[in-house]
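Right, one structure below, let's go through it.
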Amino acid sequence: MTLLDRTFDLLQRSVDEGLVPGAVAAVGTGAGRLRAGCYGVAQQEPQSRPLKEDMLFDVASLTKVVVTTSLALLAIERGDLFLDQRLADVLPVFGGAGKDAVTVRQVMGHTAGLPPWRELTPGATKRASMLQALWDAPLDRPPGTAVVYSDVGFMALAEALVEIGGQSLDTLATRDLFEPLGMRDSLFSPGKRLQARCVSTEVVAERGGAVTGEVHDERAAQLGGVSGHAGLFSTLADLEKFARMWLGKGAADGTRVLSPASVAAAVRDQTRGIDPGARRGLGWVLQPNGFWPAADLVSPSGYSHTGFTGTSLVIDPERNLYAILLTNRVHPTRGGGSAERIRRLRARFHNAAWAELS
């Protein structure tokens, strides 16, 4: 057998067993890809479409680390933000309902006391009006007292970055991240123009059937597909460039995007003393944490993030390894045990990869 045969055989078997309709995956180092694979279909219902390695996946909450965390770190490097700054200093509308003391660090570490999610303003049609429900939302608990994963915080952080940058989040991401790293296929809101290249997510009758080329997350969809918590579409190859940048302490393929100091801060425990069983960096999931994607053999210094649609990214600086797994686990439905199936698939894939490469 050749390198990583067992890992990708398990991935093929998992798709054959119906754990997910389709999957593309890669394992690599800071120097580049070791192996990749593509299995299953991009869509089952209402008709089948083959899956290709270069197709666009709705990566869901990977948006938080790929886009929002990266842009926030750049803003910190430029002096436009600092971690213990009140977010309301930059985004005054956020400070209502007792949120005026919430800091950037607390938002990025999910310790701000914000609710996990919040419906947007009912009936609103303009972005500013839609977001008013977030600004009106009170805290669930005092800041700095618990680690609770929150979409609301990253939605607010993205709006602050837009305020600082003077351009939309997708424009900032393209200019400051995608273009420098050569992530040519990464974007928000692919739409009908790129629909044939997009992997389908859930079948939703109210949205015309299989959601394809539009973000799956309902709140991001209401915001036109661009938000700090979800909305990014990307390919396996583009996410590999991003992973190599993190393994390269902010640089990949001869291009530096982040400083080594930013990378070190982002993967350092930012929630120490709050909950030792829910460790987080800036955006990133650390170990131990209930959001860790069943990658049991990754080094203690490893960090990761997952996406609701069935995506995950694991980076292990000690072993100089990354693993990316992109699936359409919510197709045709998020129900039916799909959450448990993707957890089993992630465990199979990551544990086999790290075992073969150790």
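Miscellaneous remarks
- On the beta carbon distance between Ala133 and Glu53, with R0 = 35 Å, the FRET formula returns roughly 0.35.
- Paramagnetic reach from Ser259 (point 7 Å along Cα→Cβ, amide N under 13 Å) across the stretch 67-104: 73-83
- Efficiency of FRET between Arg175 and Arg6 - r from beta-carbon atoms, R0 41 angstrom, step 0.05: 0.50
- Asp253 sits among other residues whose Cβ lies under 14 Å from its own Cβ, and their net charge, with Lys and Arg +1 and Asp and Glu -1, is +3.
- Taking Ile274, Ile315 and counting other C-beta atoms within 10 Å, the order from fewest to most: Ile274, Ile315
- At least 27 Å along the helix axis (C-alpha) and Kyte average at least -1.0, DSSP helices within the chain: 338-357
- Couplings 3J(HN,Hα) for the stretch 252-265, derived from phi with the Karplus relation 6.51 cos²θ - 1.76 cosθ + 1.60 (θ = phi - 60°), are 8, 6, x, 10, 9, 10, 10, 7, x, 5, 5, 4, 4, 5 Hz, where x marks Gly and Pro.
- With at most 12 neighbouring Cβ atoms within 10 Å, loop GluC sites (Glu not before Pro) (DSSP) excluded, longest segment of the chain: 120-317
- Binned Cα-Cα distances of the stretch 69-165, short to long, each 5 Å bin given as a whole percent: 3, 15, 27, 26, 18, 9, 3, 0
- 3J(HN,Hα) from dihedral phi, the stretch 198-210, Karplus parametrisation 6.51/-1.76/1.60, rounded to Hz, x for glycine, proline: 9, 7, 6, 9, 6, 8, 10, 4, 5, 10, x, x, 5
- If R0 is taken as 22 Å, the Cβ-Cβ distance between Glu340 and Trp117 corresponds to a FRET efficiency of 0.55.
- Per-residue [θ]222 nm for the chain (sum of -39500 (n - 2.57) over DSSP H runs n ≥ 4, rounded to 500): -8000 deg cm²/dmol
- Least to most buried among Phe82, Phe94, Phe291 (fewest other Cβ within 10 Å first): Phe82, Phe291, Phe94
- Sorted fewest first by neighbouring Cβ atoms within 10 angstrom, Met55, Met130 come out as Met130, Met55.
- Over the chain: Rg over Rh, Cα atoms, Kirkwood Rh: 0.94
Every read-out reported here was derived from the displayed coordinates using simple, explicitly stated rules and does not represent laboratory data. Model, not experiment: these values are computed from the prediction. Using ideal geometry, Cβ is built from the backbone for each residue, glycine included, and neighbour counts are taken over all protein chains shown.
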